[in-house]
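Chemist: I am attaching a structure below and will ask some questions about it afterwards.
Values in this text are rule-based calculations from the coordinates and carry no lab data. Remember, predicted model here, so these are calculated numbers, not experimental data. Note that each Cβ is placed from the backbone with ideal geometry, even for glycine, and that neighbours are counted across all protein chains shown.
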Amino acid sequence: MKTQSRRSGFTLVEVLVAVTIIGVLSTIVFVAVARARVRSRDAKRKAELAQIGRFLAGSCYQPNSGSGDYDLADLFDELKVRYPQITNFISQAPQDPKTGSNEQTNYHYLVSSEDQKCALYANLENAAEPVILSQLATPTAGGGTGVLQAGAVGWNGTNLYFQFSN
């Protein structure tokens, strides 16, 4: 009587094929999640700039140091002194979700004293973001609200900026 032995387990080729398929699928998922994460951070930037922009750009807040380009961290203590009610809404200055810190938020406030124009802006990550303010090459006080394409790459790796302006 002849006995047949059955092997249990997988061959090396089967294991390598399975590992390759898992690797390809995980790469696809990782790329999709990374793009979604970039778009999510850009959406957060736009929402935060619009929220605080309504407050700052409503009357074009004039810092004690006069006109110029300020990181929001540099203005926040001054804002809390001048408008103590601001702490009812936010306890600290909002900051860029990728590159911001308490010392440097990477959200900038640009103000011009002579014509009461101002803008709050941040560098975006998504290089595919549609440009709305095509007439601007840099963030500009009084230039409108939307995405602009600048000549230089910013701190988040693109030359696209979102600005909220009067």
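Chemist: For segment 12-165, what is the charge dipole size about the Cα centre, in debye to the nearest 20, if Lys and Arg each add +1 at the Cβ and Asp and Glu each add -1 at the Cβ? Before the final figure, lay out the partial values.
Modeler: Details: 12 positive and 14 negative charges, 90 e Å.
Dipole of segment 12-165, to the nearest 20 debye: 440 debye.
Chemist: How many percent of Cα pairs in the chain exceed 26 Å?
Modeler: So the portion of pairs separated by more than 26 Å is 42 percent.
Chemist: Follow-up question, since we're still on this one. With everything on Cα atoms, drop me the angle between helix 12-58 and the longest principal axis of the chain, reported from 0 to 90° to the nearest 10.
Modeler: So the helix axis and the longest Cα principal axis differ by about 10 degrees.
Chemist: Among the GluC sites (Glu not before Pro) in segment 1-110, which ones are in a DSSP loop with at most 13 other Cβ atoms within 10 Å of the Cβ? Mind listing them? Can you show the working numbers first?
Modeler: Numbers: sites: GLU14, GLU48, GLU78, GLU103; in loops: GLU103.
Those that pass, being in a loop and sparsely packed, are GLU103.
Chemist: Something else: Rounded to the nearest 0.05, what FRET efficiency is calculated for PHE10 and ALA34 with R0 set to 35 Å and r the Cβ-Cβ distance? Provide the component values of the computation, followed by the final result.
Modeler: Working: r = 32 Å, r/R0 = 0.92.
The value I calculate is 0.65.
Chemist: Now a separate question. Please work out the C-alpha center-to-center distance from segment 54-76 to segment 106-145 and express it in whole Å.
Modeler: Spelled out, the Cα-based centre of one part sits 14 Å from the other.
Chemist: Longest segment of the chain with no trypsin sites (Lys or Arg not before Pro) in a DSSP loop having at most 15 other Cβ atoms within 10 Å? Present the calculation step by step, with values, prior to reporting the outcome.
Modeler: On the way: sites that count: LYS2, ARG6, ARG7.
Here the longest segment lacking exposed loop sites spans 8-166.
Chemist: To continue, here is another question. Rounded to the nearest 500, what is the 222 nm mean residue ellipticity of the chain from helices alone, with -39500 (n - 2.57) per DSSP H run of 4+ residues and division by all residues?
Modeler: Working: 2 runs with 58 residues, N = 166.
Value at 222 nm, helices only, nearest 500: -12500 deg cm²/dmol.
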